[in-house]
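Asks: The structure's right below; bear with me while I get my questions together.
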Amino acid sequence: MAEVSQLYNKLPTLGDADDTFVDRDNVFKILAVLLAEYGNTFGLHLVHSRCKLIEGEIMLQKGNMSQPEKLENAGVYYPNRWLSGGVPYEFTTKQSPTPP
């Protein structure tokens, strides 16, 4: 799972991700139709890192809080956020549907 921390640490900061997200109105218009086709079960997330992870950590959401968690302490967890290629980069303790 070390590769997850390495992948996560390569994500842009929130500021950098925000700066590169252009043409938002058009993107939202297109995605609104797509999301509606799936009953609005899924949503959008601006892909960014929240902090740097060390090897053996994942970003884990528990309730409304996401924070680094050592794999040995994570317990049961599920993918919660995915990159466009389908690779998960954030996880949660609550089982959630996998996007199509």
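Asks: Would you mind stating whether Arg81 is free of Cβ contacts under 8 Å to residues at least 60 places away in the same chain, open to solvent by 40 Å² or more (accessible area, probe 1.4 Å), touching a strand residue (DSSP E or B) at 6+ places or on another chain (Cβ under 7 Å) and of a type in the set (D, E, K, R)?
Replies: yes
Asks: Taking the condition of being touching a residue at least 40 places away in the same chain (Cβ under 8 Å) and of a type outside the set (Ser, Thr, Tyr), how many residues in segment 48-78 meet it?
Replies: 9
Asks: Within segment 64-100, how many residues are part of a helix (DSSP H, G or I) and of a type in the set (A, V, I, L, M)?
Replies: 2
Asks: I'd like to verify a number: residues in segment 54-63 that are farther than 21 Å from Thr41 by Cα, open to solvent by less than 90 Å² (accessible area, probe 1.4 Å) and assigned to a loop (DSSP other than H, G, I, E, B), how many?
Replies: Number satisfying all stated conditions: 1.
Asks: Take the residues in segment 1-52 that are of a type in the set (Asp, Glu) and part of a helix (DSSP H, G or I), then tell me which one is surrounded by the fewest Cβ atoms within 10 Å (Cβ to Cβ). Don't jump to the end; show me each part of the working.
Replies: Going residue by residue through segment 1-52, those that are of a type in the set (Asp, Glu) are 3, 16, 18-19, 23, 25, 37.
Pick out the ones that are also part of a helix (DSSP H, G or I) and you get 3, 16, 18-19, 25, 37.
Working: Glu3: 9, Asp16: 12, Asp18: 11, Asp19: 10, Asp25: 7, Glu37: 9.
Only one residue tops the list, namely Asp25.
Asks: Which of the numbered conditions does Glu69 fail, given that it passes all the others? Conditions: (1) at pLDDT below 95; (2) out of contact with any Ser or Thr (no Cβ under 9 Å at 6 or more places or on another chain).
Replies: Exception for Glu69: condition (1).
Asks: For the list (1) in contact with a helix residue (DSSP H, G or I) (Cβ under 8 Å, 6 or more places away or on another chain); (2) under 15 Å from Ser5 (Cα atoms); (3) open to solvent by 60 Å² or more (accessible area, probe 1.4 Å); (4) not basic (Lys, Arg), I need the number of the one condition that Glu72 fails.
Replies: (1)
Asks: Let me ask another. Assuming Phe91 fulfils every condition listed in (1) touching a Leu at 6+ places or on another chain (Cβ under 7 Å); (2) modelled with pLDDT under 95; (3) open to solvent by less than 70 Å² (accessible area, probe 1.4 Å) apart from one, which condition is it?
Replies: (2)
The values are calculated or read from the model by the stated rules, or taken from the named source; none is laboratory data. Keep in mind that what you see is a predicted model, and the values were worked out from it rather than measured. Don't worry about glycine lacking a Cβ; one is built from the backbone with ideal geometry, like all the others, and counts go over all protein chains shown. Keep in mind that these areas ignore ligands, DNA and RNA; they rest on the heavy atoms of the full protein, side chains included. Shrake-Rupley method; radii C 1.70, N 1.55, O 1.52, S 1.80 Å.
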